[in-house]
Amino acid sequence: MGAPSQSTSDKKATRDAYGEALAELGALRQDIVVLDADLSGSTKTADFKKKFPERFFNVGVAEQNLVGHAAGLSLSGFVPFASSFAMFLSGRAWEVVRNSVVYPKLNVKLVASHGGITVGEDGASHQCIEDFAIMRVIPEMTVICPADFNETKQVIHEIAAYKGPVYVRVGRPAIPLIQRENYKFQIGKAEVLSEGKDVCIIACGVMVSEAMIAVEELKAKGISATLLNMATIKPIDKETILAKAKECGAVVTAEEHNVVGGLGSAVSEFLSEEYPVPVLKVGMKDTFGKSGTWGGLMDYFGLRAKDVVSHAEQAIAKKKK
């Protein structure tokens, strides 16, 4: 079986995978309903709307109502998928998510598009870099950020079968597909993309693609790196993190999110109690985004493979002290 690799020519957005998976689920299950806050073209729920208009609800620009309606539909025996931009679904509707969905353990799926700085030209007001933090802090909430188109389709099918509230972030840009054999997404389980002994890189979302490039650049420097695709940010895969931290002795996290409260924080919180090792974080360094092309913003804010490489080298140096 070959090692996972990336397709340099075939790129697709994870939000497009969400739209496709919803349409597939709609054909398979009559209890699937979809709600949107007047953004169905952008969130890709329009794919479901075209095929199953009687099971699609546009509540308008009212995210609190969006989540409240989803809660009611769940109580009526349906499995609702509610979508909007990450900034509004996680931010504006947070209290309703907490008290009307997660606290009563309702079977509601919140799928937010346009997360992170790869929203690009929409600017800082729409570039949600806080959603992992504010969603994972809710007790018993599941938080997921898939790495590519193919994984996203698996995620959406998996959460439809899972009983309980889930938050998933999907993205706007077309990103490389990861070529892998026999991969099966499991909630709470990391995907091991490469094995190494010098440093463990833990990434999610678009940063998995950058981390895969970084692994090859590190290899050229004589550094062997383990790479984990940590699609499930909560519940995080503690068993795998602990095993790899013991093998490597240094960890780097990579996320399209504020370094405060996200994947890096989740990893650090666990390892600080169980097996303290140097943990360096690649991400937004507690600063808002800017308007620009998504690629330019990734460069500007240090979310590229070269930044993962430099953090890995620093983490290795720290463990040797």
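The values are calculated or read from the model by the stated rules, or taken from the named source; none is laboratory data. From a predicted model like this one, the values you see are computed outputs, not experimental measurements. Note that each Cβ is placed from the backbone with ideal geometry, even for glycine, and that neighbours are counted across all protein chains shown. Calculation scope for accessible area: heavy atoms of the full protein, side chains included, ligands and nucleic acids excluded. Shrake-Rupley method; radii C 1.70, N 1.55, O 1.52, S 1.80 Å.
Within region 299-308, the residues that satisfy the criterion of being in contact with a strand residue (DSSP E or B) (Cβ under 8 Å, 6 or more places away or on another chain) and either of a type outside the set (Val, Ile, Thr) or at positive phi (or both) are 301, 302, 303, 307. Among the numbered conditions (1) exposed (fewer than 14 other Cβ atoms within 10 Å of the Cβ); (2) in a strand (DSSP E or B); (3) modelled with pLDDT of 95 or more, the only one that residue 8 does not meet is (3).
Have a look at 233, 213, 223, 202 and point out the one that is out of contact with any Phe, Trp or Tyr (no Cβ under 6 Å at 6 or more places or on another chain) and open to solvent by less than 10 Å² (accessible area, probe 1.4 Å).
The conditions single out 202.
Against the criterion of being touching a helix residue (DSSP H, G or I) at 6+ places or on another chain (Cβ under 6 Å), open to solvent by 10 Å² or more (accessible area, probe 1.4 Å), at pLDDT 95 or above and within 24 Å of residue 264 (Cα to Cα), residue 117 does not qualify.
Take the residues in region 51-70 that are of a type outside the set (S, T, N, Q) and without any contact (Cβ under 8 Å) to a residue 24 or more places away in the chain, then tell me which one is surrounded by the fewest Cβ atoms within 10 Å (Cβ to Cβ). The extreme case among them is 54.
Within region 104-111, is even one residue touching a Ser or Thr at 6+ places or on another chain (Cβ under 7 Å), surrounded by fewer than 22 Cβ atoms within 10 Å (Cβ to Cβ) and on the phi < 0 side of the Ramachandran plot?
Quick first cut of region 104-111, residues touching a Ser or Thr at 6+ places or on another chain (Cβ under 7 Å) only: 106-108, 111.
Filter once more, keeping what is surrounded by fewer than 22 Cβ atoms within 10 Å (Cβ to Cβ): 106.
Add one more test, that the residue is on the phi < 0 side of the Ramachandran plot, and what stays is 106.
Yes - at least one qualifying residue is present in region 104-111.
In region 247-254 there is at least one residue matching the filter, namely being more than 19 Å from the chain's Cα centre (by Cα) and either in a loop (DSSP other than H, G, I, E, B) or in the same structural domain as residue 14 (by the TED database) (or both).
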